[in-house]
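Student: Mind looking over this structure? Questions follow.
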Amino acid sequence: MSPDDRSDAHPYLRAATAGLRHHARTLTAQSSAGESARAADRPHLDSLHAHLTALHRLLDEIADRTRPERPASGRHLATAHARLWQAADAVHAAFHLLPAPASGGSDCHPERLPEGPPVLTICQRHLAASHAVRRKTTAADLATPAS
């Protein structure tokens with residue numbers, strides 16, 4: 001495959017992007033059609049968090065591979081990596097601020113396991129991503145505004 005032939009490049013990534021675009025268009029069409037806007041719910045934020053953390057892992061791999069050959073590009077990818085973590089962290093926080101469907105706390109308690117999905121899955125995923133962030137990112141990297 002030549003570098004200019006991109007029709008088959010990264011089919012799964014293209015499919016995920018198409019799915020996200022379709023979802024955004026659906027939400028836009030619903031609000032344009034006058035349907036009452038529904039606030040995000042916990043399963044919605046759980047799915048969004050899954051996408052963000054998967055993209056975070058992918059960008060981490062790409063940055064690691066790019067940095068040796070192209071240091072300037074690698075630095076920009078590292079910045080994007082930090083911003084993706086901030087987005088995932090904000091979605092995780094928003095998840096826990098939404099009302100829980102059943103009685104019992106929905107707070108993230110690292111000292112004990114949450115009751116079950118989706119709280120268990122989002123917290124486990126977030127904890128795994130936070131370990132990766134701590135290995136490669138400093139507090140200063142996360143505090144630096146995007147340029």
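The values are calculated or read from the model by the stated rules, or taken from the named source; none is laboratory data. Computed from a predicted structure; not experimentally measured. Here the Cβ is made from the backbone with ideal geometry for all residues, glycine too, and neighbour counts use every protein chain on show. Accessible surface is based on the protein model in full, side chains and every heavy atom, while ligands, DNA and RNA are left aside. Shrake-Rupley method; radii C 1.70, N 1.55, O 1.52, S 1.80 Å.
Student: Measure off 7 Å from each Cα along the Cα-to-Cβ vector at residue 47 and residue 29, then give the distance between these two points in nanometres to one decimal.
Tutor: The modelled label-to-label distance comes out at 1.5 nm.
Student: Starting from 0.36 nm per residue, how many nanometres of slack lie between residue 76 and residue 121 once their C-alpha separation is accounted for?
Tutor: 13.2 nm
Student: Extending each Cα 7 Å along its Cβ direction at residue 139 and residue 86, get the distance between those two points in nm, one decimal.
Tutor: Calculated label separation equals 1.7 nm.
Student: Quick one: with all protein chains in place, what share of the accessible area of segment 30-84 is carbon or sulfur, to the nearest percent (1.4 Å probe)?
Tutor: 55
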